[in-house]
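Participant: Before anything else, here's the structure in question.
The values are calculated or read from the model by the stated rules, or taken from the named source; none is laboratory data. None of the values given here were measured: they were computed from a predicted structure. Ideal geometry is used to build each Cβ from the backbone, glycine not excepted, and the neighbour counts take in all protein chains shown. The accessibility values were calculated without ligands, DNA or RNA, using every heavy atom of the protein model including side chains. Shrake-Rupley method; radii C 1.70, N 1.55, O 1.52, S 1.80 Å.
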Amino acid sequence: MFKKIFSGVQPTGNLHLGNYLGAIKNFVELQNDKGNECIFCVVDLHAITVKQDPKELKKNIRETTATFIACGIDPTQSIIFNQSMVPAHSEAAWILSCVSRIGWLNRMTQFKEKAGKDKEKASIGLYSYPVLMAADILLYDATHVPVGDDQKQHLELCRDIAQKFNNDFNVKDFLKVPEPMIQKKFSRIMSLKDGIKKMSKSDPSDLSRVNLTDNKEEILNKIKKAKTDPLPLPEELKNLTERPEAENLLGIYSSLKSQDLENSINEFSGKNFSEFKKRLSEALIDKIEPISKEIKKLLGDEKYLDSILLDGSNKADKIASKKIKEMKELVGF
Ligand code: TYM
């Protein structure tokens, strides 16, 4: 079936294995499935919902673009662009924020996590972040949105917003209600330091994640120091319960090898962690080292990266400006 794919990644630095295994790897597979139309966005408007250093932000926009390309997104096949270059995103976000209900946004768990204890001091942008995300998706009539498990609630909200807009303005199917694409397995990669915490760009400990720019030595060191438990590796799937670190590391290994968790359990059944960690490091180095080298190479050519974003933004703008024009007419502008 023909799919229109849209997804986004924030340029907030430290793109990591969770971003890769939970999302970007899937982007590449969808792109390579001929017939799909794919749009991948560097969501810089989302990034400024928390304070950013302007110089760092500029660097991170290029780094995220380089990461897309280094992971296998081909700018001649897919559109790669940054959100702030296409004005329709901000305009649609405003219109949709007038359709969205406060009660819906109050339920968003990611806002609660990110805002922390002092909600009053969080930016309004952080609160209405999921509305901008809905605008991103709906402007392109995306049929499918590949994301990691943590974005599930935002996509459900996007579907509600689309349906309410269509109802309010009596236009059946004007905004397409998108399908989330969340992998059934390994869609939430956990921290290397704590198996019940999500691997995250913002974790203050760099040892908690494998960054896509890490070199061989860094990967070896992080896996060596990754938290485990005192037992040997399990012999059966059911023995993984209440062993979050073992489950996470075996999950990472399985995802890298594109195999089921059961296969990895059989492979390492009863062995100790040191042996498993050696194999896990090898699998990670095989996958991440070429990506890391390519990112660094691409970062040396800022002109090239800027040209990709400019070209992608022109293409995205053609699609989005048509949709926002229709939206404005419906609203009565
Ligand atoms: P962001 O930048 O936080 O993350 C980018 C993608 O990586 C996935 N991800 C993970 N997957 C598995 N395990 C993890 N530990 C992990 N950490 C991150 C995320 O689920 C995401 O798919 N709001 C989005 C960006 C966005 C977007 C959009 C996505 C803006 N507009 C429109 C889709 C469609 C975000 O902050 O992703």
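Participant: Every residue in the range 226-259 that is of a type outside the set (A, V, I, L, M, F, W, C), closer than 26 Å to L207 by Cα and assigned to a loop (DSSP other than H, G, I, E, B), please.
Facilitator: Answer for the range 226-259, where residues must be of a type outside the set (A, V, I, L, M, F, W, C), closer than 26 Å to L207 by Cα and assigned to a loop (DSSP other than H, G, I, E, B): K227, T228, D229, P230, P232, P234, T241, E242, R243, S258, Q259.
Participant: Considering each residue of the range 291-316, count those that are touching a residue at least 40 places away in the same chain (Cβ under 8 Å) and either outside any helix (DSSP H, G or I) or open to solvent by less than 70 Å² (accessible area, probe 1.4 Å) (or both), and give that number.
Facilitator: Final tally of qualifying residues: 13.
Participant: What is the one condition in (1) more than 10 Å from the ligand (Cβ to nearest atom); (2) part of a loop (DSSP other than H, G, I, E, B) that K58 does not satisfy?
Facilitator: All conditions are met except number (2).
Participant: Name every residue in the range 275-290 that is under 30 Å from L231 (Cβ atoms) and open to solvent by 60 Å² or more (accessible area, probe 1.4 Å), in order of residue number.
Facilitator: Within the range 275-290, E275, K278, R279, E282, D286, K287 meet the criteria.
Participant: Okay, moving on. So K198 fits all but one of (1) in the same structural domain as S292 (by TED's automatic domain parsing); (2) surrounded by fewer than 20 Cβ atoms within 10 Å (Cβ to Cβ); what number is the exception?
Facilitator: (1)
Participant: Something else now. Testing D150 on (1) over 16 Å from the mean Cα position of the chain (by Cα); (2) under 22 Å from K201 (Cβ atoms); (3) touching a residue at least 24 places away in the same chain (Cβ under 8 Å), one condition comes back false. Which one is that?
Facilitator: Exception for D150: condition (1).
Participant: Right, something else. Looking at (1) open to solvent by 10 Å² or more (accessible area, probe 1.4 Å); (2) in contact (Cβ under 8 Å) with a residue 12 or more places away in the chain, which is the one condition that is false for I124?
Facilitator: Of the numbered conditions (1) open to solvent by 10 Å² or more (accessible area, probe 1.4 Å); (2) in contact (Cβ under 8 Å) with a residue 12 or more places away in the chain, the odd one out for I124 is (2).
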